[in-house]
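Comments concern the structure below.
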Amino acid sequence: MRTTLARRTAALIACAGLGLATPALAQDKQDKTVKIGVLNDLSSLYADIGGANSVIAVKMAVQDSGLPDKGWKIDVLSGDHQNKPDVGVNIARQWIDVDKVDAVVDTPNSGVALAVSNLVKEKNSILINSGGASADLTGKACTPNTLSVSYDTYMLAHGTGAALTKAGGDTWFFLTSDYAFGYALERDTSAVVTANGGKVIGGVKHPINSSDFSSFLLQAQASKAKVIGLANAGGDTTNAIKQAAEFGIVAGGQKLAALLLFINDVHALGLNTAQGLSFTESFYWDMNDQTRAWSKKLSAQSKTGSMPSMTVAGLYSGVLHYLKTLEAMGGNPHDGAKVVARMKELPTDDVLFGKGTIRADGRKMLPAYLFEVKKPEESKYPWDYYKLVATIPAEEAARPLSESDCPLVKK
C-alpha cells in the first residue's frame, strides 16, 4: 500500500510539474501567425491609385517574403474606408479588437490615416502608411506605431513646387481639397514657393470628390497667377485638369501644377490632355528592369491591367520589410511599438527601391523624381508616359530631422 501511495504521489507531482512547465514551453514557442488589414478606397476617387491593386501588392509581398513556405500563417484582409475617418477607424478597431489584425496598411486619405494612426497607438498595433500624404504623420502627429513609406507633402512641395518657382512661376493660386491632405500640401508648397522668392496671391478650397470645378477655376484664372497649384489628388486632380483645358487656362498662359499626380491619373487623362505636366513621385514602373518585371507581374493580376502607382509600390516595400523584420525577430510578438522600433533598426532592401533606412520619425528614406508627362508622339509603348527631369536625393526629399516637430526625434 505504501509503495502504491508513493508511486501515486510521485505521479501527481510529476504531472503538476508538467502543468507548471506548459506555459513556459508555450512562451518559448515563437508565434508565426500574422494578420494584415489593407484599408483604402475601393470604390471612389482614390480607387484607381491603390484600391484592389494595393491588396494584390500586399499578397505579393507575403509570397516574396518566403514566410508561408517556412510555416508562417499570414492572412490579408481588406476594407473600404470610403474616405471617411470615422468609417476607417471603425473598420480598424474591429480588425484589431475582434479579428486580431497586427498591422493596418495603405490608408490613402490623410484624414483617415491620421485617425487610424491615433488608434493603432492606443491599441499598440501598427500602421504602415503608404497612401496618406500628410507630412504631419511623421511630424507633429508621429507615433511609435506608425511608418510612412512612400511619399509625403514635404516631398511633393520640394519637388514640383520648388522646380516650378525656380523656373519663373513666381506667383501661385491654389485649388485645395478641403481636408487634412489638401491643407498640408498647400501649407508645405506655400512655404517652398515663398522660400524661393515666389508669392501666393490666392486660393480656394473645394469639397473632396468634386465633379464641377468651374467656379474654382474661374477664380484661379481671374487671379492672373502664373501657376495654379492643384493641392488635390485622384479623381479631383483629373477632373480639374480636364475642365481647365475646357476653359483654355493653359492656352491662356497659366501653368497647372499637379502637386500630386499618379500614373493612373495620366492614363485616365490621356497624353493629349496630360502632356507637359510636371510632378513629383518616388516610383515609376518603367525605371529599370526590376521595376518593370515586378510591375508587369502585378499588372497581370490586376482586373484593370493597370500599372502600379507609387503608393502601391511603396506598400509592397513596406509590408515586405515588416515581414522580414518579424522573421528576424524569430516570430510575431504582437507588440506594435516593439516591431516598429525593430523595423527602424533594420535596413530596408527590395527590388523596387533598393537599400534604404527608416528614420526615428517613421519616415522611410527614398529619393524622389521630378517627371514630365510625355507628348503623344514620344510614347513608344503602353504606359510609356514619363520622362525624368531631375532626381532629388532622399536627404532632400524628406524634411530634415533638425526641423522635425516629431516628439520621437531627439535634438
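The values are calculated or read from the model by the stated rules, or taken from the named source; none is laboratory data. Only a predicted model underlies this, so the values are computations on that prediction, with no experimental measurement involved. Glycine gets a Cβ as well: all are built from the backbone with ideal geometry, and neighbour counts include every protein chain shown. Note: areas computed on protein heavy atoms with side chains; ligands, DNA, RNA excluded. Shrake-Rupley method; radii C 1.70, N 1.55, O 1.52, S 1.80 Å.
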Subject >> Nearest-0.05 FRET efficiency for A360 and D75, computed from C-beta distance (R0 22 Å) >> reply: 0.10
Original post:
Taking a probe of 1.4 Å, how large is the accessible area per residue of segment 57-159, in Å²?
Top reply: 32 Å²
Subject >> Rough spin-label spacing in nm, given labels placed 7 Å along Cα→Cβ, for K375 and D178 >> reply: 4.0 nm
Original post:
Which Rg and Dmax, in Å, describe the Cα atoms of the chain?
Top reply: 24.4, 109
Original post:
By how many nm would the segment from A245 to A293 grow when fully extended, if each residue of separation counts as 0.36 nm and the alpha-carbon distance is taken off?
Top reply: 13.8 nm
Original post:
Residues of segment 159-177 with amide nitrogen under 18 Å from the 7 Å Cα-to-Cβ point of E403?
Top reply: 159-167
Original post:
Using alpha-carbon pairs under 8 Å, 6+ residues apart, how would you state the relative contact order of segment 40-151 in percent?
Top reply: 22 percent
**OP:** State, as an integer percentage, the relative contact order of segment 181-243 based on alpha-carbon contacts under 8 Å between residues 6 or more apart.
**Re:** 38 percent
**OP:** Can you tell me the order of 78-89, 124-135 when each peptide is scored by its average per-residue count of other Cβ atoms within 10 angstrom, highest first?
**Re:** 124-135, 78-89
**OP:** Determine, for each peptide in 339-352, 207-220, the mean count of other beta carbons within 10 angstrom over its residues, then list the peptides with the highest first.
**Re:** 339-352, 207-220
Original post:
Which of S282, N272, L119 sits closest to the plus end of the dipole of the chain, meaning its Cα is farthest towards the positive end, when Lys and Arg get +1 and Asp and Glu get -1 on the C-beta?
Top reply: L119
**OP:** Could you look at segment 260-406 and say what percent of its accessible area is carbon and sulfur, using a 1.4 Å probe and all protein chains?
**Re:** 52 percent
**OP:** List, in the order given, every pair from K355/K380; K166/K374; K59/K324; K84/K205 whose Cα-Cα distance in the structure shown is over 24 Å.
**Re:** K355/K380
Original post:
Under a plain spin-label model, where a point goes 7 Å from the Cα along Cα-to-Cβ, how far apart in nm are A167 and E396?
Top reply: 1.5 nm
Original post:
Relative contact order (percent) for the chain, with alpha-carbon contacts under 8 angstrom and 6 or more residues of separation?
Top reply: 18 percent
Original post:
Using the Kyte-Doolittle scale, which helices in the chain average at least -0.5 and also have C-alpha atoms spread 15 Å or more along the helix axis, with helices defined as whole DSSP H runs?
Top reply: 2-28, 51-65, 85-97, 110-123, 180-195, 310-328
**OP:** Return the lysines within reach of K410: Cα separation strictly under 23 angstrom, same-chain partners fewer than 8 residues apart disregarded; answer none if there are no such residues.
**Re:** K121, K140, K338, K344, K364
